[in-house]
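Peer 1: Here you go, one structure.
The values are calculated or read from the model by the stated rules, or taken from the named source; none is laboratory data. Computed from a predicted structure; not experimentally measured. All Cβ positions, even for glycine, are placed from backbone atoms using ideal geometry, and neighbour counts span all protein chains on display. What goes into the accessible areas is simple: the full protein's heavy atoms, side chains included, and nothing from ligands, DNA or RNA. Shrake-Rupley method; radii C 1.70, N 1.55, O 1.52, S 1.80 Å.
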Amino acid sequence: MLDHSQLTFDEILQNIWASLREGADRGTHPFHTPVLASAFGQGPDARTVVLQQADEQRRELICHTDIRSPKVSGFRQNPRAAWLFYDRQAKVQLRLLGTVSIHHDDEVAAARWAKSSPSSRRCYHAAHAPGLVLAGDEIRAAELDQGFDNFAVISSAVFAIDWLFLQATGHLRARFEWDGGHWQGVWIAP
Ligand SMILES: Cc1cc2nc3c(=O)[nH]c(=O)nc-3n(C[C@H](O)[C@H](O)[C@H](O)COP(=O)(O)O)c2cc1C
C-alpha cells in the first residue's frame, strides 16, 4: 500500500484522477458508482449514478441520465453538484464539488450515445418519465423507439476536491481548490 504521508499534493492529485479514471473504466471499481448530490427545490437530494468518464485535463466528471428526470431541471436551477466516492479497500473518500452542464441532443450527447452499449441505451427507451407515479399495470412500461431523445449527459466541471485517507496511525486529509489555472492544495485536520 502507498505511504500517503510521503506524497506531494501533485502526487495525491495524480492518484485521485487515476482512481477516478479507473472507476469510470471498470465496473467493479468502487468509484464506478458514486453518489451525485444536488441542492434545489425542496433542498438537498442524492442519488447513485454510474461514473462514465473522468478527465483530469478538463477537470470533468460525466454521467448519463434521462432528460426527463427531476435532477435535470433541478441542475438547471442550481448547477452546483457534489460527488461522493468511497473506496473501502484503499481507505479513501473523495468529495468533489462541480458546476453542471447538461448536454441533450447535441454533439456531446451524440458522441456518448454512439459509444454506449445496447443494454445501456435500453434505459432511455422507457415511455414514462423517471419519477412519474405509475398505475399497477404500468409498472412494466412500454418502450419507445427513440432512446436518444431522452438521453442526456451530465457534465460537471470540478472546482474543489476533498481527499480523506484513513489510516490507523492518523488519518490524512487534503483539500484542493481550482484557482483558475492550478490546483491549490492545503492539508486540513481530518
Ligand atoms: C447502481 C446504480 C446506478 C445508477 N446509475 C444511474 C445513472 O448513471 N444515471 C441516472 O440518472 N440514474 C442512475 N441510477 C438511478 C438513480 O440513483 C436515481 O434513482 C434516478 O436517476 C432518479 O433520480 P432523480 O429523481 O434524482 O432524478 C442508478 C442507480 C443505481 C442503484
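Peer 1: Could you give every pair whose Cβ atoms fall below 9 Å, whose first residue belongs to region 109-122 and is in contact (Cβ under 8 Å) with a residue 60 or more places away in the chain, and whose second residue is crowded, with 17+ Cβ neighbours inside 10 Å, counting only separations of at least 6 or pairs across chains?
Peer 2: From residues that are in contact (Cβ under 8 Å) with a residue 60 or more places away in the chain, the pairs are ARG112/GLN52; ARG112/GLN53; ARG112/ILE62; ARG112/HIS64; ARG112/HIS103; ARG112/PHE151; ARG112/VAL153.
Peer 1: Take the residues in region 111-131 that are of a type in the set (A, V, I, L, M, F, W, C) and within 19 Å of the chain's Cα centre (by Cα), then tell me which one is surrounded by the fewest Cβ atoms within 10 Å (Cβ to Cβ).
Peer 2: Among them, the one singled out is ALA111.
Peer 1: Let me ask another. Filter region 97-106 down to the residues that are assigned to a strand (DSSP E or B) and either at pLDDT below 95 or farther than 19 Å from ARG58 by Cα (or both) and list them by number.
Peer 2: Correct list: HIS104 only.
Peer 1: Here are ARG47, ARG80, ARG59, ARG68: which of them is free of Cβ contacts under 8 Å to residues at least 40 places away in the same chain, among the basic types (Lys, Arg) and over 30 Å from ALA168 (Cα atoms)?
Peer 2: Exactly one of ARG47, ARG80, ARG59, ARG68 is free of Cβ contacts under 8 Å to residues at least 40 places away in the same chain, among the basic types (Lys, Arg) and over 30 Å from ALA168 (Cα atoms), namely ARG47.
Peer 1: If the Cβ limit is 6 Å and pairs must be 6+ apart or interchain, which residue in region 19-32 that is open to solvent by 10 Å² or more (accessible area, probe 1.4 Å) pairs with which residue that is assigned to a helix (DSSP H, G or I)?
Peer 2: That search, which allows pairs on different chains as well, returns SER19/PHE31; HIS29/GLU22; HIS29/GLY23; HIS32/GLY23.
Peer 1: Residue check: is GLN93 modelled with pLDDT of 95 or more, farther than 18 Å from ALA152 by Cα, surrounded by 17 or more Cβ atoms within 10 Å (Cβ to Cβ) and away from the ligand (no atom under 13 Å from the Cβ)? Full working, then the answer.
Peer 2: Details: modelled with pLDDT of 95 or more: yes; farther than 18 Å from ALA152 by Cα: yes; surrounded by 17 or more Cβ atoms within 10 Å (Cβ to Cβ): yes; away from the ligand (no atom under 13 Å from the Cβ): yes.
Yes, satisfied.
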